[in-house]
1. If you scan region 192-248, which residues turn out to be surrounded by fewer than 17 Cβ atoms within 10 Å (Cβ to Cβ), of a type in the set (D, E, K, R) and modelled with pLDDT of 95 or more?
2. Pull up region 164-187, narrow it to residues that are part of a loop (DSSP other than H, G, I, E, B) and at pLDDT 95 or above, then point me to the one that is farthest from Gly285 (Cα to Cα).
3. Being under 20 Å from Thr157 (Cβ atoms), buried (at least 18 other Cβ atoms within 10 Å of the Cβ) and among the small types (Gly, Ala, Ser) is the filter; apply it to region 292-335 and report the residue that is farthest from the chain's Cα centre (by Cα).
4. If I ask for residues that are in a loop (DSSP other than H, G, I, E, B) and surrounded by fewer than 21 Cβ atoms within 10 Å (Cβ to Cβ), which ones from region 64-83 would you list?
5. Give the number of residues within region 222-246 that are of a type in the set (Lys, Arg) and farther than 19 Å from Ile152 by Cα.
6. So, Asp262, is that one surrounded by 18 or more Cβ atoms within 10 Å (Cβ to Cβ) and acidic (Asp, Glu) or not?
7. So, in region 84-106, how many residues would count as being part of a loop (DSSP other than H, G, I, E, B) and over 20 Å from the mean Cα position of the chain (by Cα)?
8. Working only within region 253-310, note down all residues that are of a type in the set (Val, Ile, Thr) and closer than 14 Å to Tyr186 by Cβ.
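The values are calculated or read from the model by the stated rules, or taken from the named source; none is laboratory data. Here the structure is a predicted model, which is why all the values come from computation and not from measurement. Positions of Cβ are backbone-derived with ideal geometry, glycine not excepted, and every protein chain shown enters the neighbour counts.
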Amino acid sequence: MNKKISAAVASAALVLGASSANAGIIIPAGEWTLDVNGNVNVYATVYDFDDATTATVTGGLAGTQDAYGEDTAQSINTGLLPAWLGFTGTTRQNDLDVSFTISMQPNVSDNDAASGDTKQPLWRQAFLTFGDKSWGSVKMGKDLGIFAGNAILNDMTLLGAGSGGTTAVRSGSATSLGGIGTGYIYPAWKGQIAYTTPNFNGFTATVGIMNPNNPADANTNQDRFGLEAQLQYAFDSGKVWASGASYKVKKATVEYDSEAMDLGAAINFGNLGLVAYYYTGDGAGTTAYGANAATAAGVTRDSDGGYVQATYVIPSGTKIGVSYGVSSLDLASGETNPSLIDENKRWTVGAYHPLTKHLNLVAEYNHNEADSHDNTENESSALSLGAILFF
């Protein structure tokens, strides 16, 4: 995994062809070097929801009209990537590269008409690393999960908004969904202790134990550390990877294994960038890891999905892109649950223009469709216009 969010964002920006700095504001401080980095992004989004009121899909990501009959909404929010302020300190001591990273993610909007300041910032990173290029590195603390991490970092909507989600999305939401739940499971930000090998001519491996966070479903908990790992091969024009996750979950009096794996590739051919990604899981659920993963009796459901994406940089420097993703959830053996989500699908078209070295203008159109196992269908769309500034 990347050691700091500026590197993660720069990696994603390189995939998208948008302009960003590879480091933030560098400050020498005695034996330490402090990197202050982050972004501010803001999008005005107009939503058009399905007219359906009662025929909604459980676990669907396409919105429907609200209780007042409103089938449109507007918001000013951050996109998939929240606004970010990160601090990374690095030093070399006793033949070890040592670093720390702490970051916070404030909102750029709020839905409190009176004060506009009720939202609390997110705190997504607090970790340390130590290591050496001869034997690898160790990370300890809270950072992006290993499984599906590359899926979100290579999603072109990371610099935009992507899916807006359901009718509940209004001004003041922390972030949009991007391609989460429509092509990949959210890797989330997890407490972890992870080891990454040295770089062997492009090959690296990462393995870690993860904090046993409670799954998204109610009345569940985990009784051991989660395990996540990744193999990756990076080369001049791109990279390929595979990752996996394993958790043990208790639901009521039943215990079941939750497992998932994925495969992905991101390759550039001159101005053309291509991404292909696929995942499969048993008891892993959909959208958020563990969501709708099993029945009330603890019988697991299978899930899979993926996305394909193509981007191209035109002579003006603008990157245009199109992406299609789908996440599927099967019924458990013997289960009858017709309203449960069968497929969440999304397609996105976007344009990302580097107005300056650090500032990018963004325009995106997203269309979502949610289909249940009884063939109920909800649809919604979102048009987002905004900008993202890196520093």
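1. Selection gives Asp236 alone.
2. The selected residue is Gly179.
3. Gly321
4. Pass one, region 64-83, residues in a loop (DSSP other than H, G, I, E, B): 65-71, 78-83.
Listed by number, the residues that qualify are Gln65, Asp66, Ala67, Tyr68, Gly69, Glu70, Asp71.
5. Just the residues of region 222-246 that are of a type in the set (Lys, Arg), to begin with: 224, 239.
Next, from what is left, pick out any that are farther than 19 Å from Ile152 by Cα: 224.
Final tally of qualifying residues: 1.
6. Details: surrounded by 18 or more Cβ atoms within 10 Å (Cβ to Cβ): yes; acidic (Asp, Glu): yes.
Yes, satisfied.
7. Going through region 84-106 one residue at a time, the tally reaches 2.
8. Initially, region 253-310 is screened for residues of a type in the set (Val, Ile, Thr), giving 253-254, 267, 275, 280, 286-287, 295, 299-300, 308.
Of everything in region 253-310, those that are of a type in the set (Val, Ile, Thr) and closer than 14 Å to Tyr186 by Cβ turn out to be Thr286, Thr287.
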